[in-house]
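*Asks:* Got a structure for you, written out below as structure tokens; questions coming shortly.
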Amino acid sequence: TTRYRDLQVLVSFGVQLIMYATPIVYPLSAVPERFRWLVLVNPMTPVIETFRYAFLGNGTFSILQLAYSTAATVVVLFLGILLFNHVERTFMDTV
């Protein structure tokens, strides 16, 4: 966001939108079946549901969903490292 200042507003709005899409306040079972896939696309959903299953005794636990969440996290981390290494050369010129 050092080069494009408006990107900071877009990123914070996107994070807020994803927070509402994560079933923290509401359980995954409250989501209608036809929209459940949309909530499961969010990589934080399996983590929250597994936490709910482990500590509260209700919720869902799926190794496949946790593997998807781990893979999505690793991909985002790898892309972030690549992007940082690409921008690092000219970063000090824009600050």
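The values are calculated or read from the model by the stated rules, or taken from the named source; none is laboratory data. Predicted model, so just to flag it, every value in this text is computed and none were measured. Using ideal geometry, Cβ is built from the backbone for each residue, glycine included, and neighbour counts are taken over all protein chains shown. Ligands, DNA and RNA are excluded from the accessible area calculation, which covers all protein heavy atoms including side chains. Shrake-Rupley method; radii C 1.70, N 1.55, O 1.52, S 1.80 Å.
*Asks:* Does T90 meet the test of being among the polar types (S, T, N, Q), over 19 Å from the mean Cα position of the chain (by Cα) and either in a helix (DSSP H, G or I) or exposed (fewer than 13 other Cβ atoms within 10 Å of the Cβ) (or both)?
*Replies:* The answer is yes for T90.
*Asks:* In segment 5-21, is there at least one residue being open to solvent by 70 Å² or more (accessible area, probe 1.4 Å), in contact with a helix residue (DSSP H, G or I) (Cβ under 9 Å, 6 or more places away or on another chain) and not in a helix (DSSP H, G or I)?
*Replies:* no
*Asks:* Do you know which residues across segment 35-93 are free of Cβ contacts under 8 Å to residues at least 24 places away in the same chain and at positive phi?
*Replies:* The answer is G57, and nothing else.
*Asks:* Would you check if there is a residue in segment 2-16 being in contact (Cβ under 8 Å) with a residue 40 or more places away in the chain, over 18 Å from the mean Cα position of the chain (by Cα) and closer than 30 Å to V87 by Cβ?
*Replies:* If we filter segment 2-16 for residues that are in contact (Cβ under 8 Å) with a residue 40 or more places away in the chain, which is where we start, we get 2-3.
Narrowing further to those that are over 18 Å from the mean Cα position of the chain (by Cα): 2-3.
Add one more test, that the residue is closer than 30 Å to V87 by Cβ, and what stays is 2-3.
There is at least one residue in segment 2-16 that is in contact (Cβ under 8 Å) with a residue 40 or more places away in the chain, over 18 Å from the mean Cα position of the chain (by Cα) and closer than 30 Å to V87 by Cβ.
*Asks:* Only one of T50, T45 is of a type in the set (S, T, Y) and either in a loop (DSSP other than H, G, I, E, B) or in contact with a Phe, Trp or Tyr (Cβ under 7 Å, 6 or more places away or on another chain) (or both); which?
*Replies:* Going through T50, T45 in turn, the sole match is T50.
*Asks:* Name every residue in segment 30-61 that is modelled with pLDDT under 90, open to solvent by less than 90 Å² (accessible area, probe 1.4 Å) and over 22 Å from Q16 (Cα atoms), in order of residue number.
*Replies:* If the condition is that a residue be modelled with pLDDT under 90, open to solvent by less than 90 Å² (accessible area, probe 1.4 Å) and over 22 Å from Q16 (Cα atoms), then G57, N58, G59, T60 are the ones that fit.
*Asks:* If the requirement is being open to solvent by less than 50 Å² (accessible area, probe 1.4 Å) and part of a helix (DSSP H, G or I), which of these qualifies: A67, A72?
*Replies:* Only one candidate passes the filter, namely A72.
*Asks:* Is it the case that segment 76-84 has a residue that's touching a Pro at 6+ places or on another chain (Cβ under 9 Å) and open to solvent by 60 Å² or more (accessible area, probe 1.4 Å)?
*Replies:* Scanning segment 76-84, I find at least one residue that is touching a Pro at 6+ places or on another chain (Cβ under 9 Å) and open to solvent by 60 Å² or more (accessible area, probe 1.4 Å), so the answer is yes.
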